[in-house]
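Structure, as structure tokens:
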Amino acid sequence: MKSYRLLLFDRDGTLTYENRDYHRELMALKAYPFTGSLLRDLHQAGHQLAVVTNQSGVARGYWSLKDVEAVHQRFCREWGVDPIFYVCPHHPGDGCPCRKPQPGLIRQAMAHHRSGPEATLMVGDSPADFGAAQSAGVAFALVLTGRGRLTRAHLPQPPEMVLDSIADLRAYVV
Ligand SMILES: [Zn+2]
């Protein structure tokens, strides 16, 4: 884990509760109670942190990218850390290179942080997170929050790590 300098997190179901009514409830989106202190500890331990998230609600017209950014700024204030949020705003039918399971967002984050695949860990709860990690050649930690339990039954191969939640990453903070 120490060798994973760059930690990339999915948002919904990984850092925050699933937002089932998301087109009406974006501003009500809540992080898990353990997210902030965990991210602060990982940051203090020297890890670089970023979030990679599909937000097709933008393309669907449910909200604007500005609304999404406002929610992310609120999380940064709440958490007391400043991860960069890499957002795919496109529709699944757009064929963009950034919507997970495409590796575009992960590649952007690695380029920005000058991190190679061997030093990068993707943490998420969905098959799309797994697929993006595979395509980018980075290790994957499956969390069993959000859709994680369902995802676990459907992965073509076991992930490098399975965690009850991101709180389990605390074991790797030294
Ligand atoms: Zn995209």
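The values are calculated or read from the model by the stated rules, or taken from the named source; none is laboratory data. Keep in mind the model is a prediction, meaning the values are calculated, not measured. All Cβ positions, even for glycine, are placed from backbone atoms using ideal geometry, and neighbour counts span all protein chains on display.
State which residue is farthest from the chain's Cα centre (by Cα) when the search covers only region 132-174 and only residues that are polar (S, T, N, Q) and in a loop (DSSP other than H, G, I, E, B). Even if it seems obvious, please write down each step before you answer.
Initially, region 132-174 is screened for residues polar (S, T, N, Q), giving 134-135, 145, 151, 157, 165.
Imposing the further condition that a residue be in a loop (DSSP other than H, G, I, E, B) reduces the set to 145, 157, 165.
Working: THR145: 12, GLN157: 20, SER165: 13 Å.
Going through the qualifying residues, I end up with GLN157.
For region 105-112, does any single residue satisfy the condition of being buried (at least 23 other Cβ atoms within 10 Å of the Cβ), more than 12 Å from the ligand (Cβ to nearest atom) and not small (Gly, Ala, Ser)? Yes, region 105-112 has at least one match. Taken over region 86-104, residues that are near the ligand (Cβ under 8 Å from one of its atoms), in contact with a strand residue (DSSP E or B) (Cβ under 7 Å, 6 or more places away or on another chain) and not in a loop (DSSP other than H, G, I, E, B) amount to 1.
Which of the residues spanning region 7-65 are among the aromatic types (Phe, Trp, Tyr), in a loop (DSSP other than H, G, I, E, B) and under 25 Å from TYR172 (Cβ atoms)? TYR17, TYR32, PHE34 - these are the residues of region 7-65 that are among the aromatic types (Phe, Trp, Tyr), in a loop (DSSP other than H, G, I, E, B) and under 25 Å from TYR172 (Cβ atoms). Taking region 125-163 as the range and being in contact (Cβ under 8 Å) with a residue 60 or more places away in the chain and within 16 Å of the ligand (Cβ to nearest atom) as the test, the residues that pass are SER126, ALA128, ASP129, ALA132. Check whether at least one residue in region 127-136 is hydroxyl-bearing (Ser, Thr, Tyr) and closer than 15 Å to THR14 by Cβ, and report yes or no. Checked against the condition, which is being hydroxyl-bearing (Ser, Thr, Tyr) and closer than 15 Å to THR14 by Cβ, region 127-136 yields no hits at all. Taking the condition of a type in the set (D, E, K, R) and in contact (Cβ under 8 Å) with a residue 60 or more places away in the chain, does ASP12 pass? Yes: the conditions hold for ASP12. Among the residues making up region 89-120, those that are more than 21 Å from LEU155 (Cβ to Cβ) and touching a Phe, Trp or Tyr at 6+ places or on another chain (Cβ under 7 Å) are GLN108, ALA109, ALA119. Of the conditions (1) within 16 Å of the ligand (Cβ to nearest atom); (2) farther than 21 Å from LEU29 by Cβ; (3) not polar (S, T, N, Q), ALA119 fails just one. Which one is it? Only one criterion is unmet by ALA119, namely (1). Remark: pairs (first residue in region 102-114, farther than 21 Å from ALA128 by Cα; second residue more than 11 Å from the ligand (Cβ to nearest atom); Cβ separation under 6 Å; 6+ apart in sequence or on different chains) = HIS113/LEU6; HIS113/GLN48.
Output the residues belonging to region 1-58 that are of a type in the set (Gly, Ala, Ser), more than 22 Å from LYS100 (Cβ to Cβ) and at pLDDT 95 or above.
GLY36, SER37, listed by residue number.
Screening ARG74 with (1) among the charged types (D, E, K, R); (2) crowded, with 19+ Cβ neighbours inside 10 Å; (3) in a helix (DSSP H, G or I) gives one miss only, at (2).
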